[in-house]
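Just so you know, all these numbers are worked out from the coordinates, no wet-lab data involved. Everything numeric in this text was worked out from a predicted model, so none of it was measured. Here the Cβ positions follow ideal geometry from the backbone for every residue, glycine too, while neighbour counts run over all protein chains shown.
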């Protein structure tokens, strides 16, 4: 599915929408990882006294909760930035690099060789 094109002036996602999207993605990943890890553990050491489904469900539940929690926080941190900060970082990155005269001379000599 192609990414959604943002129209100029379109409303941004709210903090809660970003948080819930990260939690949903993390929960899905956690369920898959929990299933793989739980199935491997059951095959390796046996299901234990609670039974196969309860053990597998516990693995999947704890993994989903952990991944969902950290992914929701990570998504909010990663996407939480203002346009002013991005513009300032862009202009700082596009400025010419200031070099000491001896370094500039050394680089010129290297280019001529």
* To do: Please work out the C-alpha center-to-center distance from the range 99-113 to the range 43-57 and express it in whole Å.
  => 67
* **Length released on extending from residue 54 to residue 79, taking residue separation times 0.36 nm less the Cα-Cα span** => 5.3 nm
* Measure off 7 Å from each Cα along the Cα-to-Cβ vector at residue 32 and residue 110, then give the distance between these two points in nanometres to one decimal. => 4.3
